[in-house]
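The values are calculated or read from the model by the stated rules, or taken from the named source; none is laboratory data. Please read these numbers as outputs of a predicted model, since none were measured by experiment. Note that we place each Cβ from the backbone using ideal geometry, even for glycine, and neighbour counts take in every protein chain shown. We work out accessible area using only protein heavy atoms, side chains counted, and drop any ligands, DNA or RNA first. Shrake-Rupley method; radii C 1.70, N 1.55, O 1.52, S 1.80 Å.
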Amino acid sequence: MGLEGAVRLGYRKEPAAIEDPGERERVFQERVAELYEHGKAVNAAAALEIDAVIDPAESRAWILAAPDGWAPEDTAPPGGRRPFVDTW
């Protein structure tokens, strides 16, 4: 369900009390705009304490920069051999 449907269901008593169809539509659009504003990624990131929100235009640079800071030899234990771990 989209935000429009959520507004129609969640706020159905408020618009039903308004007689003027133009005013009813204006109230509906205000509620939808309010939910869209509240649901932006930056607001969600602030509420959920996410460290960074990547702009889609910058995602290629982030993806290409990720392998530069990682090398397989950094994860190998001393001696170059991983210890045996019995999974059972």
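When the surface is traced with a 1.4 Å probe over the full set of protein chains, residue 63 keeps roughly 120 Å² accessible. Computed from the C-beta positions of residue 6 and residue 61, the FRET efficiency with R₀ = 30 Å rounds to 0.30.
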